[in-house]
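Participant: One structure coming up, written as structure tokens, with questions to follow.
The values are calculated or read from the model by the stated rules, or taken from the named source; none is laboratory data. As the structure is a computational prediction, the values presented were derived from the model and not from experiment. Each accessible area value is taken on the protein alone, full model and side chains, heavy atoms only, with ligands, DNA and RNA left out. Shrake-Rupley method; radii C 1.70, N 1.55, O 1.52, S 1.80 Å.
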Amino acid sequence: MFYIIIKKVKDYSKNRYELKKYYNVGKLLLDADKHYGEEIINKYSKQLTIELGKGYTPTRLRYYRRF
């Protein structure tokens, strides 16, 4: 029983971190879109992939922006 509670707390913390990350990336993209247009997503996609690894495709960044 205790193990299940700890697992739920860990899952919540992990999900909370991921949601916060997605929200912040989306917010930055939305602000950048106002000044630089749609092409900024492709530029950020390439830059984030180089710096942080896989998972930052233009499609996914558009989803972050909508979020």
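Participant: Take the residues in the range 51-67 that are aromatic (Phe, Trp, Tyr) and open to solvent by less than 40 Å² (accessible area, probe 1.4 Å), then tell me which one is farthest from Lys27 (Cα to Cα).
Facilitator: Of all residues in the range 51-67, those aromatic (Phe, Trp, Tyr) come to 56, 63-64, 67.
Narrowing the set further to residues that are open to solvent by less than 40 Å² (accessible area, probe 1.4 Å) leaves 56, 64.
Numbers: Tyr56: 15, Tyr64: 8 Å.
Step by step, filter the range 51-67, then rank; the result is Tyr56.
Participant: Among what's in the range 1-50 and is outside any helix (DSSP H, G or I) and open to solvent by 60 Å² or more (accessible area, probe 1.4 Å), pick the residue that is modelled with the lowest pLDDT.
Facilitator: Looking only at the range 1-50, we keep the residues that are outside any helix (DSSP H, G or I), and these are 1, 37-38.
Filter once more, keeping what is open to solvent by 60 Å² or more (accessible area, probe 1.4 Å): 1, 38.
On the way: Met1: 48, Glu38: 74.
Restricting to residues being outside any helix (DSSP H, G or I) and open to solvent by 60 Å² or more (accessible area, probe 1.4 Å), the top hit is Met1.
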